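Engineer: The structure follows.
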Amino acid sequence: MENLIGILFLIAMIGALVYIFKRNANLAKSRKIGKENRLAQVPTLQLQLEAMPEMPMFYPDRSFYAPFKKDRLAGLHHMADALFTHLGIAAEGCTIDFISDNDLVPLNSADASGLFRKFTAEDGRSVEQIFINKRYTVDPHDVGANLAHEIMHLYLFRKQIVNPDVPSNELMTDLSTIRAGLSIVTMNGYSSSNSFWLSLLVLILFRFTIWTRSTLSFGYFLPKEYGALARADLEHRGVFADAKRYLTSKAHGQIGW
């Protein structure tokens, strides 16, 4: 029996390493733009975003996150309502829900933390959908950050402030969250997991459950890159000190506290 458990443990370890290798490879693919190129594009993209009004800061207090702890879907909709209100736009029938990894595969978005879709239905209606990966629903800070990013995709498409080049569009979406005053809610999610990979193998009834958690990979800026841009904006607005009490302790490290 001990030999069997040892063999099962070894198999699980190998499986975990293969899984982590594949996920790291996927993340590497998502960072198609090198650091120098990412940061070099910032001035140009910021000029394009001048077509978008600079909005006041959105301060995510406990009331923003609290409903999620009681009911995840109701909490998601509560967050979405608050963000739509802040941005001055209406949901207009946009579907907002959670989605599994398996359901993301046919949408060509496997492993995505969130997804915004806009398409024309067979009856000619314009359909908008925002999905948050169920894998990132443990921490409401993750959900809020994810949601802010995806709603900004929607905002930019509605206002026709988009770049057809997908990587640049992601960079622009990251920057637009800052211009929209959503940097605090975004930073709270970027750094809610402060280690890149945390893997736990649990042996239960001779079956192994592999639990993994990764740093959120929405957008294209790395957490500290985004943090530096967010800090500059907070200082420009004169609210850097005020922002501190709304940021998680882990987010402080990304923004330079």
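Engineer: Can you sort THR120, THR177 from fewest to most other Cβ atoms within 10 Å of each residue's own Cβ?
Structural biologist: THR120, THR177
Engineer: Sort LEU47, LEU76 so the one with the fewest other Cβ atoms within 10 Å of its own Cβ comes first.
Structural biologist: LEU47, LEU76
Engineer: Counting other C-beta atoms within 10 Å, and keeping those with at most 11, which DSSP coil GluC sites (Glu not before Pro) do you find in the range 85-169?
Structural biologist: GLU92, GLU122
Every read-out reported here was derived from the displayed coordinates using simple, explicitly stated rules and does not represent laboratory data. What you see is a predicted model; the values in this text were computed from it and never measured. Here the Cβ is made from the backbone with ideal geometry for all residues, glycine too, and neighbour counts use every protein chain on show.
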